[in-house]
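*Asks:* Next up is a structure, given as C-alpha cells.
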Amino acid sequence: MTRTLTRTPAADGFHMPAEYARHAGCWLLWPERPDNWREGARPAQATFAAVAAAIARFEPVTVGVSRGEFTAARAMLPEAVRVVEMAHDDAWMRDVGPTCVVNARGEVRGVDWHFNAWGGLEGGLYFPWDQDELVARKVLEIERLARYRAPLINEGGAIHVDGEGTALVTEECLLNPNRNPTLDRAAIEQALCAYLGVRQVIWLGRGVFNDETGGHIDNLACFARPGLVCLTWTDRKRDPQFAISKDAWERLHAARDARGRPLRVVRLPMPGPLKLSAREARGLVPREGTKPRLPGERLAGSYVNFYIANRGIVMPLLDPRMDALAARRLKGLFPGRTVVGVPAREVLLGGGNIHCITQQIPAGHPSRSTSAR
Ligand code: KQY
C-alpha cells in the first residue's frame, strides 16, 4: 500500500512541476456514460483512442477502463497503451486523477484533492461521484507513489503552474461557493501554496464562456514556459468571450510571477463559436442527477485545452477555419515539440477537451518508486 502523508508537499520540499517538464507517462479514463457521451459513447471512445494513440507517440499511456468496457477498450486502443480496470463515474482524468509533485531529489508524490463533480449538489454536473473520488488514490497505488490528501475541493483543470513557483487560477472556479464555501481567497491561496509548492498565485476572472466546470483555467490560459502564457482569444467584440479574454489579458499584463518577472501573453484564436446540434443532443440519454444538454447551447471550445507531452503537443481540432492557425501558433510556442492535431469535437460535446481527459505523471528520478515507502 502506498503511504498517505500527514504534512503538506511544500512542508516536505515538494512542488508541482510544469506540464512541459519531462513525464514518466500519461493517464486517461475511458468514456462510457450515455447521458454525457452521445450514441452510447462510441464516437467519444474513438476520439479518446485517437488521443491516447497520439500521446503514446511521445510517452507511455495508461487508460483506466470499467469492467464492462475492458474488452472493447482493449480492442480500440493501440497495443502500446496499457489498459487497467478502474471504476469511475466519468472520464475526466485531469480532474479526478492525482496532481503530482516532485522534490529536488526527483522523488514524485501525488496530491489527491476532494472532488464534487464541479459543484456538488449546487450546480455540479452529475451525482453520484463516489467512484471518481477514488481514482487519484488508485492511480497512486498503481504508480507506487505516496499520497497527500488535500483538505479542499479542487480539480487538476482548475490549476496551471509554471514550475518555478507560480500558479494560474480563475476566481470563477476557485472562489465559487460550490467548491469550498468556508474558505476565502487568502485561505485558498494558502492551500494552493501548501499543496502545489507555489509562492505566487495569479488570479484571472472568469473562464471560457459557458464552461460547465465553472471556469477552469485549463480552457482559458496556460504557461508555455516560465514567463510566457498562452490565452484563448476572440476579436469578435460582441461575443461574451471578448470581455472575458480582455480582462484576463489585462490581469496577466499587470501580474508578476513568483520570480518577479512580467508575463508575455500570446493569443490563441478561438474556434467557432461552436454549438451543440439537435442531432448531437438527440444522441444523449437524459438521466436524473445529470445536467441536461440542450440543442443550440454554446460549447466551450478552446485550443488552449491541449496536452503537452514529452517532445509533443496534442491539440484538439475543432474548426476547419481555425485549426491550422492555432496549430501554427502552438508550433511557434513550443519549437522543440511536434504538434499533432486530433479531431476532438466529441470530447468537447462531453464538456471539456484533450487537456481535461489527460493527467501526466512527472518523470522525477529513476528511483522514484521507492518514495512511496
Ligand atoms: O475542464 C476540465 N478539466 C474537465 C471538463 C469536465 C466536463 C464534465 N462534463
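All of the numbers you see were taken from the coordinates with simple rules; none came from a lab. Predicted model, so just to flag it, every value in this text is computed and none were measured. Cβ atoms come from the backbone with ideal geometry, glycine included; neighbour counts cover every protein chain shown.
*Asks:* Within segment 7-22, name every residue whose backbone N is under 13 Å away from a label modeled 7 Å from Cα of Arg149 along the Cβ vector.
*Replies:* What the label zone holds, given the 13 Å backbone N cut-off, is 7.
*Asks:* A further question on this structure: Apply the Karplus parameterisation 6.51 cos²θ - 1.76 cosθ + 1.60, with θ equal to phi minus 60°, to every residue of segment 98-112 and state each ³J(HN,Hα) to the nearest whole Hz, in sequence, with x for glycine and proline.
*Replies:* With coefficients 6.51, -1.76 and 1.60, one gets x, 9, 8, 10, 10, 10, 5, 8, x, 6, 10, 9, x, 9, 10 Hz.
*Asks:* Suppose the chain between Glu297 and Asp235 were pulled fully straight at 0.36 nm per residue; how much longer would it get relative to their current alpha carbon spacing? Before the final figure, lay out the partial values.
*Replies:* On the way: separation 62, 0.36 × 62 = 22.32 nm, distance 2.10 nm.
Extending this stretch completely gives an extra 20.2 nm.
*Asks:* I want the local charge near Thr338. Using Cβ-Cβ distances under 12 Å, sum +1 for each Lys or Arg and -1 for each Asp or Glu among the other residues.
*Replies:* Residues close to Thr338 contribute a combined charge of +4.
*Asks:* Right, here's the next one. Provide the packing ranking of 272-280, 214-222, 164-172, i.e. peptides ordered by the mean count of other C-beta atoms within 10 Å per residue, highest first.
*Replies:* 214-222, 164-172, 272-280
*Asks:* Which whole-number percentage describes the relative contact order of segment 1-155, with Cα contacts under 8 Å and a sequence gap of 6 or more?
*Replies:* 27 percent
*Asks:* Once amide H atoms are built 1.01 Å from N in the peptide plane, which residues 5 or more positions from Trp233, or in another chain, come under 5 Å H to H?
*Replies:* Leu268, Met270
*Asks:* OK, next. Assign one of three labels to segment 224-373, namely rounded, prolate or oblate, based on the Cα gyration tensor with a ≥ b ≥ c the square roots of its eigenvalues; rounded applies when a/c is under 1.5, prolate when it is not and a/b is larger than b/c, and oblate otherwise.
*Replies:* Judged from the Cα gyration tensor, segment 224-373 comes out oblate (a/c at least 1.5, b/c at or above a/b).
*Asks:* For a footprinting-style exposure proxy, rank Arg321, Arg287 by other Cβ within 10 Å, fewest first.
*Replies:* Listed from fewest to most nearby Cβ atoms, that is Arg321, Arg287.
*Asks:* While we're here: Using DSSP, restrict attention to beta bridges with both residues in the chain and report what percent are antiparallel, rounded to the nearest 5.
*Replies:* 40 percent
*Asks:* Would you grab the residues whose amide H sits under 5 Å from the one on Ile202? Only those 5+ places off in sequence or on another chain, please, with H modelled 1.01 Å from N.
*Replies:* HN-HN under 5 Å from Ile202: Ala167, Leu168, Val169.
*Asks:* Considering just Cα atoms, how many Å³ per residue does the convex hull of segment 272-329 enclose?
*Replies:* 119 Å³
*Asks:* Give the aspartates and glutamates whose C-alpha is closer than 20 Å to that of Lys138, dropping any in the same chain fewer than 8 places away, or say none.
*Replies:* Reachable aspartates and glutamates: Glu32, Glu69, Glu85, Asp89, Asp90, Asp95, Glu107, Asp112, Asp130, Glu155.
*Asks:* Given only helices, namely DSSP H runs of n ≥ 4 each adding -39500 (n - 2.57), what is the per-residue ellipticity at 222 nm of the chain, to the nearest 500 deg cm²/dmol? Working shown, then result.
*Replies:* Working: 10 runs with 90 residues, N = 373.
For the chain, the value works out to -7000 deg cm²/dmol.
*Asks:* Pull up all non-local amide H partners of Val339: gap of 5 or more, or a different chain, and H-to-H distance under 5 Å with H placed in the peptide plane.
*Replies:* Excluding prolines and chain starts, which carry no amide H, the hits are Ile313.
*Asks:* Sticking with this structure for a sec: Of Phe334, Phe115, how do they rank once you tally other Cβ atoms within 10 Å and put the fewest first?
*Replies:* Going from sparsest to densest Cβ surroundings: Phe334, Phe115.
*Asks:* Still on this model: Could you tell me the distance between the Cα centroids of segment 334-352 and segment 277-310, to the nearest Å?
*Replies:* A separation of 15 Å, based on Cα centres.
*Asks:* Taking a cut-off of 22 Å between Cα atoms, list the lysines near Lys246, but don't count ones fewer than 8 places away on the same chain.
*Replies:* Lys237
*Asks:* Going highest first, how would you order 258-270, 11-23 by mean Cβ packing within 10 Å?
*Replies:* Highest-to-lowest ranking by the protection proxy: 11-23, 258-270.
*Asks:* While we're here: Give me the net charge for the shell around Pro34: Cβ to Cβ below 15 angstrom, other residues only, Lys and Arg +1, Asp and Glu -1. Before the final figure, lay out the partial values.
*Replies:* On the way: positive: Arg33, Arg38, Arg42, Arg282, Arg287, Lys291, Arg293; negative: Glu32, Asp35, Glu39, Glu69, Asp89, Asp90, Glu280, Glu288, Glu346.
So the surrounding residues net to -2.
*Asks:* Using Cα-only point scatterers and the Debye equation, what is log10 of I(q)/I(0) for segment 85-196 at each q in 0.12, 0.18, 0.20, 0.22 Å⁻¹, rounded to two decimals?
*Replies:* Debye curve over Cα of segment 85-196, log10 I(q)/I(0) at q = 0.12, 0.18, 0.20, 0.22 Å⁻¹: -0.41, -0.93, -1.13, -1.32.
*Asks:* Please compute the alpha carbon radius of gyration of segment 1-73, then divide it by the globular-protein estimate 2.2 N^0.38 Å. Two decimals is fine.
*Replies:* Output field value: 1.48.
*Asks:* Over all distinct alpha-carbon pairs, what is the Kirkwood Rh of the chain in angstrom?
*Replies:* Here the Kirkwood hydrodynamic radius works out to 20.4 Å.
*Asks:* Determine the principal axes of the Cα atoms in segment 1-130, then give the extent along each, sorted from largest to smallest and rounded to whole angstroms.
*Replies:* On the principal axes, segment 1-130 reaches 47, 40, 28 Å in Cα extent.
*Asks:* Related question: Determine the relative contact order of the chain: mean sequence separation of Cα pairs under 8 Å and six or more apart, normalised by residue count, in whole percent.
*Replies:* Details: 882 pairs, mean separation 88.4, N = 373.
Taking the mean separation of contacting Cα pairs over the length of the chain, I get 24 percent.
*Asks:* From the backbone phi of segment 6-18, what are the Karplus-calculated ³J(HN,Hα) couplings (6.51 cos²θ - 1.76 cosθ + 1.60, θ = phi - 60°) in whole Hz, Gly and Pro given as x?
*Replies:* Once θ is set to phi - 60°, the couplings for segment 6-18 become 9, 8, 10, x, 4, 5, 9, x, 10, 9, 7, x, 5 Hz.
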